[in-house]
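The structure that follows is given in the form of structure tokens.
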Amino acid sequence: MAIKPFPDSIPSQLPPAKLYLDDIGEILQILTDSSADCQASFIVGKSKCDTLDDLKDLRGRATRFVMNISAPGKHQTLELTPSATRIHIHETGDQLPAWSKYVNVAAIFEKRRLRLKSLVRSLAPWVFAGLWLVAVALWIFVPPVARPISIYKLPHIATGFILAVAVVYYFVSSHSIVYLRYPQRVGVGRWLEDHKPEIIVGAVCAVLAAIATQVVEKGWK
């Protein structure tokens, strides 16, 4: 087994994840070491809160969220924005406790990772390159005189376009999401909560595939 040294600095990037108040509470406990000397505050949009109960009263969900924790010689910040999720851990002295905090918080994000969004974001350059190549291939190889698309198919095309825009918006409009409530604990309800984005995107992609197939078939006939 190879022994790998720690990097010079603690990483700051975290994967996109869907968090609930129980996750926020667990992260808070990790970063404060359950110490009474630590002061914590939360910023959700334009609202500032001091406790988890205050967050619960806000309700809804947030894609802009900041958790600030400070104590003598220590400062930690967890920041969620529409483009990235970051954590900054600054502690004087021995850095092993700081590394332990990062590893434990990263484990929560890995457990709650939005896997489909994470995959698409990591492959985004390749996806756009592939779509560009497909568009060029269609422009070159599709017969120049194709059968005109029926006006009755225009609503289908418009629906497909709107659904495609909605899917793209889902992937680019936010990174991580915090739901300001506690999740369903067990059963099918929790599974559906955890996998709702994948289910919705999968259903939308199936509809888009059906619409695209109909349009292409009409154009080639």
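A short reminder: the numbers here are calculations on the coordinates, not readings from a lab. These numbers were taken from a predicted model, which means no experiment stands behind them. Positions of Cβ are backbone-derived with ideal geometry, glycine not excepted, and every protein chain shown enters the neighbour counts.
Starting with the fewest neighbours, write out LEU133, LEU80 ranked by other beta-carbon atoms found within 10 Å of each beta-carbon.
Starting with the residue having the fewest Cβ neighbours, the order is LEU133, LEU80.
Across region 76-87, in residue order, what do the Karplus-derived ³J(HN,Hα) couplings come to in whole Hz, using 6.51 cos²θ - 1.76 cosθ + 1.60 with θ = phi - 60° and x for Gly and Pro?
Running phi through 6.51 cos²θ - 1.76 cosθ + 1.60 with θ = phi - 60° gives 10, 9, 10, 10, 10, 10, x, 9, 6, 10, 10, 10 Hz.
Provide ARG64, ARG113 in ascending order of the number of other Cβ atoms located within 10 Å of each residue's Cβ, fewest first.
ARG64, ARG113
Further question on the same structure: Quick one: which residues, 5 or more positions from LEU180 or on another chain, have an amide H under 5 Å from its amide H? H modelled 1.01 Å from N in the peptide plane, none for Pro or chain starts.
When sequence neighbours closer than 5 places are left aside, the close amide H contacts are GLY60, ARG61, ALA62.
Taking the Cβ-Cβ separation of THR81 and ALA209 as r and a Förster radius of 35 Å, what is the calculated FRET efficiency to the nearest 0.05?
0.60
Would you mind ranking THR32, THR77 by Cβ crowding within 10 Å, fewest neighbours first?
Ordered by Cβ neighbours within 10 Å, fewest first: THR77, THR32.
Please give the FRET efficiency for TYR182 paired with SER100, using the beta carbon to beta carbon distance and R0 = 25 Å, rounded to the nearest 0.05.
With R0 = 25 Å, the Cβ-Cβ based efficiency is 0.45.
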